[in-house]
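Input: a single structure, listed below in structure tokens.
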């Protein structure tokens with residue numbers, strides 16, 4: 001599959017957002033990993049990462065609402081553009097260790113992303129957003145937040161509490 005330039009830029013930006021928070025010895029879950037690009041990158045760089053997605057791919061096929069892992073399994077869960085589609089934050093909390101981190105990116109709003117897709121500047125995706133994700137409503141303690149992707153997205157780092 002040909003990856004569009006804007007998608008490559010966005011993937012590079014997302015890698016730069018998550019890397020400062022990761023430790024190579026951690027057990028990391030890339031939840032809703034899609035085609036596995038982030039899991040691939042992390043594994044290549046020596047991180048202990050497992051990817052899961054509801055669609056069949058080279059990683060584990062699983063629904064984010066019912067993850068096939070024991071409680072307190074992961075040091076970090078990465079959720080890039082998942083929570084606006086699926087209410088699964090309680091599952092993230094279940095599989096995270098007590099001192100674990102959740103790294104989340106969600107859109108600030110849908111409209112610009114739809115336009116960029118129509119203009120064929122980014123790869124199409126799933127647009128059935130069930131909610132606008134409010135970081136202060138997630139069952140985690142927010143420890144860092146910033147707007148990213150030209151203000152189209154917000155990235156948050158959370159601790160389990």
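Bear in mind that the values in this text are calculations on the coordinates, not laboratory data. As the structure is a computational prediction, the values presented were derived from the model and not from experiment. Quick reminder, even Gly has a Cβ in these numbers, built from the backbone with ideal geometry, and neighbours come from all protein chains shown.
Values for this structure:
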{"read-out": "The chain: relative contact order as a whole-number percent, Cα under 8 Å and 6+ apart", "value": "21 percent"}
{"read-out": "Candidates 135, 69, 92: whichever shows maximal mean-square fluctuation once the chain is modelled as a Gaussian network with Cα springs under 10 Å", "value": "69"}
{"read-out": "Stokes-Einstein translational diffusion, the range 1-79 - Kirkwood Rh over all Cα pairs, 0.890 mPa s, 25 °C, in µm²/s", "value": "187 µm²/s"}
{"read-out": "Förster radius 30 Å - calculated FRET efficiency between residue 45 and residue 137, Cβ distance, rounded to 0.05", "value": "0.35"}
{"read-out": "Cα-only Debye scattering, the range 34-111: base-10 log of I(q)/I(0) at q = 0.14, 0.22, 0.27 Å⁻¹", "value": "-0.46, -1.15, -1.52"}
{"read-out": "Helix-only CD estimate at 222 nm, as mean residue ellipticity for the chain, using -39500 (n - 2.57) per DSSP H run (n ≥ 4)", "value": "-6500 deg cm²/dmol"}
{"read-out": "Fraction of beta bridges assigned by DSSP in the chain that are antiparallel (%, nearest 5)", "value": "45 percent"}
